[in-house]
């Protein structure tokens with residue numbers, strides 16, 4: 001990855017201007033056109049360095065105030081199936097397979113965001129029923145201390 005790539009990634013990690021030319025400042029900084037910036041972004045995506053450019057929703061401000069991490073016990077041979085199924089829910093923002101230290105059975109974790117407690121419970125029950133998962137814990141968010149996107153450069 002060269003310095004131009006790093007500059008593009010650094011710029012895209014920040015807030016873009018709400019304008020008809022959101023890449024104008026970056027293009028000027030790089031000494032190129034906005035079209036060339038977009039070509040470089042597509043190249044970063046093609047190389048698998050960048051997945052996408054997207055808006056970040058402040059979920060609590062948007063009414064998604066019922067949030068919980070669900071800790072699941074899923075047999076190793078079913079982890080991929082379970083993870084892919086959970087990832088298909090729009091209300092699930094994160095789904096991770098993690099190490100299981102001695103004495104700790106939970107290996108798959110998902111973060112659910114819902115507008116109501118009832119909807120959150122419906123999602124959990126639906127997943128457990130569909131996948132036949134008997135053992136899980138719902139850990140509701142009490143307070144958010146930090147939520148930011150990772151800054152790489």
* **Contacts under 6 angstrom Cβ, first residue in segment 33-57 being surrounded by 13 or more Cβ atoms within 10 Å (Cβ to Cβ), partner modelled with pLDDT under 95 and part of a loop (DSSP other than H, G, I, E, B), 6 or more apart** => 34/23; 37/23; 44/50
* Structure fact -> residue 1 fails exactly one of (1) over 26 Å from residue 93 (Cα atoms); (2) modelled with pLDDT of 90 or more, namely (2)
* Any residue in segment 113-133 that is exposed (fewer than 12 other Cβ atoms within 10 Å of the Cβ), more than 24 Å from residue 59 (Cα to Cα) and touching a helix residue (DSSP H, G or I) at 6+ places or on another chain (Cβ under 9 Å)? -> yes
* To do: Identify all residues within segment 135-151 that are surrounded by 12 or more Cβ atoms within 10 Å (Cβ to Cβ) and assigned to a loop (DSSP other than H, G, I, E, B); write none if there are none.
  => 141
* Give the residues of segment 93-108 that are under 12 Å from residue 79 (Cα atoms) and over 13 Å from the mean Cα position of the chain (by Cα), sorted by residue number. => 97, 98, 106, 107, 108
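The values are calculated or read from the model by the stated rules, or taken from the named source; none is laboratory data. As the structure is a prediction and not an experimental result, all values here were calculated from the model. Methodologically, a virtual Cβ is constructed for each residue, glycine included, from the backbone with ideal geometry; neighbour enumeration extends over all protein chains shown.
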